[in-house]
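Structure first, commentary second.
What follows is calculated from the coordinates using simple rules that are stated; it is not laboratory data. In this text the structure is predicted, and so the values were computed from the model without any measurement.
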Amino acid sequence: MMDCLPQIHLAALHSESGFRSAVPGLGVLCRSPGDMLIGAGGYQNSLGRGSVYLAAGKEPWVFGGVKAGFIGGVVTGYRDSAVPMLAGFASYKQVHLTLIPKVPGLTPWTLGLSFTIQ
């Protein structure tokens, strides 16, 4: 059984200038009793466009109270069609960080901040 919580997207920090830091949005993040994740939602991306995403992943590593792993999926709003996404993902309680690698010609390294509501 999955435990699903509302997720609020807040900010994105970029390795280069010229991108928006405020990326407000809403989604849902579901966790299995193990380490599986499934997420979906929408947000205003760092290019100022609307984006929707669907992602799944795992957080198999635990360091103290921090869970770490990866997510992958698809996202819209960056090109004319959905593009693949692969990112590092870490959680501490209800706070989540997503490390998205640079996509040449599209986006720089990005660190996203979101949280879930219990």
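Each residue of segment 81-98 was assigned a 3J(HN,Hα) from its phi angle through the Karplus expression (A = 6.51, B = -1.76, C = 1.60, θ = phi - 60°), giving 9, 5, 10, x, 9, 9, 8, x, 9, 9, 10, 10, 6, 9, 9, 10, 10, 10 Hz with x at Gly and Pro. For a straight C-alpha distance cut-off of 17 angstrom, the lysines reachable from residue 93 (same-chain residues fewer than eight places away being disregarded) are 58, 67.
Taking 105, 69, 77 in turn, the Gaussian network model of the chain (Cα-Cα springs below 10 Å) assigns the largest fluctuation to 105.
For the chain, the fraction of alpha-carbon pairs lying more than 26 Å apart is 14 percent, rounded to a whole number. Evaluating 6.51 cos²θ - 1.76 cosθ + 1.60 at θ = phi - 60° for every residue in segment 27-44, the Karplus couplings come out as x, 9, 10, 10, 10, 8, x, x, 10, 7, 10, 9, x, 8, x, x, 7, 8 Hz, glycine and proline recorded as x. Taking 0.36 nm per residue of separation and subtracting the current Cα-Cα distance, fully stretching the chain between residue 61 and residue 1 would add 19.5 nm. Using a Gaussian network for the chain with springs between C-alpha atoms less than 10 Å apart, which of these wobbles most: 92, 43, 53? Comparing 92, 43, 53 in a Gaussian network model of the chain, the most mobile one is 92.
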